[in-house]
Structures are given as C-alpha cells and as structure tokens.
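Visitor: The structure follows.
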Ligand SMILES: [Ca+2]
C-alpha cells in the first residue's frame, strides 16, 4: 500500500514536471520539517539541525509535508481556539530524539511528544477537503473547549477526508459546555483509521467520552479505551449512518455513564471482533438501532451491569461471545426479532433472559478475572474450548490462528498451550 502510494505519487510528480515544471515541486514528495517545543526557529525551512516552533512549521508546511516532533518531555502548546488548525494533507510524527545530525531516530516509546491544550483550548481541529491527516507517535492531551464537540480533536470534512492515527495517546481531554460530545475525539463526515492507539480519561458531558462518531467510516484495531466518561457512550457513541469496525481492542474501567458503547439511532453499523470489554459499569453495548455484529468478544460485568441491550429494530448477529458476571447478560427489547444469538457462553450472571441457540452454561475458566485482558484468556479447563461455531474469524485477539486444537473456541481467545504456558509463567 505504502509502496503503491509512493509510486502513484511519483507518477503524478513526473507527469506534473512534464506538463509544467514549477507546478510539481520536490515538496510534493513530502519535505520533513523538524520541530522542537522550546526555542524553535521561526524562519527558514526547519531542517534537522535548525528545528522550528510547531506553529511556524505548520504555517510554512506544504501539502504532503511531514512535521517531525522532538520528544523532550516538554509539551507542545499554542494559542487561540486550538493548538493546531489543519486544512491540508499532512503527517505529524512524534518521538524524534532531537539529534541535529546523523540519521533521524524516531522512537515514540523513548521520546514522548505531547501536544497539550492546557485545559483551555482544543488540541487539533482538522478541516479536510479530500485531504489526509496522519498522526503517529504523539500524545493529544488536556484539550478543552467551550464549544460542544471534540475536546481533544475535532475532525471534520465538507466533502471527504481521511485521518490515520497510529500509536496516538488521546488522554485527559474534555469539553466543558453542555451538551458536549466526543471528549477525546469528535469525528464528523470523515474516514478515520485508528491503530495501536489509547483513549484514556477523556470526558464528554453528553455522549462519546472517548470518541464520538457522526456520519463517518471508522476502523479501530489493537487499541485501548480506558476510564473515559460521559452521560452515555462513555467510551464511544456512534450516530447516523456510520460503518464502524472494532477488532483486537480493550474497553476497561468505564465507571460512569449508562453505556460503554452506544449506537444512538437507527443507522449505525458496528462489527466487533476479538475484543475484551471488562471491568466497566452500566451497559457494555447499547444498540438502540442499526446493524450489530458481535463475533468472538469477551465481556465481564464484575457482578453488576448489563452485557448487551438490543433495541427492537436492531439487525445482525452475535456468535461466539462470552458474557461473564453480569446482573443481566442480554436484554432484548420486544424480542429483537432480527438479531440472531448463537454459541454464547453464559456464566455467573444473575439473569440470562435471552440464550439464543447452541448456548453454553459453563465456567469459562478465565486465567484471572481480577486482572485486565491477559487475565481474561481461557485456561485448559474452559467450557469455551471447542464450543463455538465457524463465524469466519480465523485469528484470535493475540493473532493466533483459529481454530486450534479442534473446533472454534468461544470468546476473544483461542486456547493453545503455546500461549497459555508463557502466561502462567509470568
Ligand atoms: Ca479450539
């Protein structure tokens, strides 16, 4: 994909040069602009040995350029309504070691590049018109706004736009004026890809504490939502026609709000595969309408709350899910005739009102249900082993192949000795 995109770009540049030399400059390939949080230059082109301020680098960057942020432990800040107003194709990459010469070393784990709204302004506002914003290896922190949407980031487009987020930590953002939506991120009319990201401690007064999705296409993988808060949809609210997929992700310790994930009207489509939804309060997934497919997920209520609340018009199916330790495992409104339930494992719930077909009542034999997601892997005594059906999912949460040792297992983990042994030895 990357190689192909470069090839296409190269062809475009060559064509541009052939037609009109000045129109396609070298910058169309994406110049690197280096940025530091303190004492940056405000003239020049921001080379590695003379890095600039963030505001200056953004102002002088051409479409396609890449801003490379030194990770010094000092947060980047700004003035006005938001730290960054982005209306062009751009990459912002954190984790640069700051060395003025030699190879450019980028390691976000070692060099922390945080952009802070200091509790008084939004961190990023992106208005993309057929443009792409790529964020990698940065932290979006302490964004706050008196506007209603998007405390950390407000991502919008009048046409189409794409935002790619990888290794981004969205933390401690919120908006202070009700009604407010998308404390961490508000995504409206865009395509949003989230991989390897964390949303934590974000707050919305109304819906979508971590993320509000409005009329957008969103893919989330290998990510973590932890302790976000809202009145409803404390992790995520999905509204209007919005196809959303979530896989290999964790939703943990959402302790306020009526629901963790909310489909709030008739049009959303959510597919969730191989996720852990554990140690939260309220309803884990509240689908008021739309299409919902739940494949190989593991949910725990710690002895309270509701696993799934399914509206009467919801279509879709759930296959191979574990519902553990809820007051109510599944509540169906008026029978929810178009929602199919099969191969669910129920254990330690007070009420199992809707069982579906081929259900299992038995101990999932979790490694440690007081721990986080690693504890919700299954041990060899589990009733989930080989009790599932083929739902077309050929890998588990860890990327291990399904099925193993016979048939498909229920839940996010496919049991295998090769995985289990290192876990118990930890
Ligand atoms: Ca198996």
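Taken together, the values in this text are just the output of simple stated rules run on the coordinates, not laboratory data. Just so it is clear, the structure is predicted and the values come from calculations on it, not from any experiment. When we count neighbours, we look across all protein chains shown, and the Cβ atoms used for this are built from the backbone with ideal geometry, even at glycine.
Conditions (1) assigned to a strand (DSSP E or B); (2) within 24 Å of the chain's Cα centre (by Cα); (3) over 25 Å from residue 196 (Cβ atoms), marked per residue:
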| residue | (1), (2), (3) |
| --- | --- |
| 78 | no, no, yes |
| 93 | yes, yes, no |
| 98 | no, no, no |
| 104 | no, no, no |
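Visitor: I would also like to ask the following. Please give the strands (runs of 3 or more DSSP E) falling wholly within the range 323-426 in which 2 or more residues are away from the ligand (no atom under 16 Å from the Cβ) and surrounded by fewer than 18 Cβ atoms within 10 Å (Cβ to Cβ).
Guide: Result: 339-342.
Visitor: Across the range 185-220, what is the number of residues that are within 17 Å of residue 92 (Cβ to Cβ) and either part of a loop (DSSP other than H, G, I, E, B) or in contact with a helix residue (DSSP H, G or I) (Cβ under 9 Å, 6 or more places away or on another chain) (or both)?
Guide: Number satisfying all stated conditions: 3.
Visitor: Restricting attention to the range 143-166, which residues are surrounded by fewer than 20 Cβ atoms within 10 Å (Cβ to Cβ), more than 18 Å from the chain's Cα centre (by Cα) and closer than 16 Å to residue 127 by Cβ?
Guide: 147, 158, 159, 160
Visitor: Let me ask you something else. Output yes when any residue across the range 122-134 is crowded, with 20+ Cβ neighbours inside 10 Å and not in a strand (DSSP E or B), and no when none is.
Guide: Yes, the range 122-134 contains a residue that is crowded, with 20+ Cβ neighbours inside 10 Å and not in a strand (DSSP E or B).
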